[in-house]
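The values are calculated or read from the model by the stated rules, or taken from the named source; none is laboratory data. What you are looking at is a predicted structure, and each value in this text was computed from that prediction instead of being measured. Cβ coordinates were reconstructed from backbone atoms using ideal geometry, including for glycine residues, and neighbour counts include every protein chain displayed. The accessibility values were calculated without ligands, DNA or RNA, using every heavy atom of the protein model including side chains. Shrake-Rupley method; radii C 1.70, N 1.55, O 1.52, S 1.80 Å.
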Amino acid sequence: MNRVILGAFGALLLVGLGLFWMQGRAQVEQGAPPPEVDETAEETVDPDALPNADVADLTGPEPPEASELTREQRRFFRYDRNRDLKITRNEMLSSRTDGFRKLDVDGNNLLTFEEWAVTTASRFAEMDGNADNELTQAEFATSAPTPRPSSRPRCNC
């Protein structure tokens, strides 16, 4: 038993050392060499003077293009209202408050069994087209949520 524990501990130790070794092998970027100083020039440079340059023929780099968000990122940002890349409990539950308010008929922020049962029973009655207190597959299919359009028009903001 002691050999098994000691072997597991040794394996974890080796894995940890391997991770530290791999992280330590990152190469440091080499900066550009400092500009060469012309020691033959007798011009004195005022350290408080502003630099100037002839920028008539120069062009800068192209600005980066915004990348398209993935489906999972769009779903994440629907909940993350303040864009801090963290979803709090209040942010997660905020999308459910409209549904809760529809069920809470008396508006006391407490959902009783009666309020839930009345809503569920009325929904069942809407689906039961022939009023036989049984739902066929065709009747149940009427309760399916409407599918979202595959390509929504973009906002012209």
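Just name the residue that is most open to solvent (accessible area, probe 1.4 Å) out of those in segment 57-105 that are closer than 30 Å to VAL118 by Cβ and in a loop (DSSP other than H, G, I, E, B). Ranking the qualifying residues of segment 57-105, first place goes to ARG96.
Apart from one condition, GLY7 fits all of (1) open to solvent by 100 Å² or more (accessible area, probe 1.4 Å); (2) modelled with pLDDT of 70 or more; the exception is (1). Would you confirm whether any residue within segment 25-43 is part of a loop (DSSP other than H, G, I, E, B), among the charged types (D, E, K, R) and either under 34 Å from the mean Cα position of the chain (by Cα) or modelled with pLDDT of 85 or more (or both)? The answer is yes; a qualifying residue exists.
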